[in-house]
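Working notes for the structure below.
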Amino acid sequence: MVEINRANIANQVRVNRRQKLIRSRVNSSFEVHALSDRRWEELIQSLIRGGILRSPHVIRAMRAVPRELFLPEHVKPYAAVDAPLPIGFGQTVSAPRGRAID
């Protein structure tokens, strides 16, 4: 029984550390997101006015999921720019305009 308890405690410690790390990353992402909410909404409105963004489902999805969550720290300030952004290893995240058409 002692070994099981030690194993359970060690596992719980690992889980707690992982949860703290995830929370800190999510909190920092949402702080950045809060700063760019207005610019992101302006981009969405521009895509709607331009007739590019028409689907209510896609509009809801774009408003619900911040693009910043998919970007490295150094490009997060550009999340509301309607252009592909580098995410490393020669890859880019698509421009919002490209996702709006889907």
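In the range 46-60, the residues that are touching a residue at least 24 places away in the same chain (Cβ under 8 Å) and within 12 Å of P96 (Cβ to Cβ) form Cβ pairs under 8 Å with partners that are of a type in the set (V, I, T) and outside any loop (DSSP other than H, G, I, E, B), at six or more places apart or across chains, as follows: I52/I101; L53/I44; L53/I59.
Using the structure shown, decide if V75 is surrounded by 11 or more Cβ atoms within 10 Å (Cβ to Cβ), among the hydrophobic types (A, V, I, L, M, F, W, C) and at pLDDT below 85. Considered against the rule, which asks whether it is surrounded by 11 or more Cβ atoms within 10 Å (Cβ to Cβ), among the hydrophobic types (A, V, I, L, M, F, W, C) and at pLDDT below 85, V75 comes out as no.
The values are calculated or read from the model by the stated rules, or taken from the named source; none is laboratory data. Bear in mind that the values here come from a model prediction, so they are computed numbers and not experimental data. In this analysis, Cβ positions are derived from the backbone assuming ideal geometry, glycine residues included, and neighbour counts consider all displayed protein chains.
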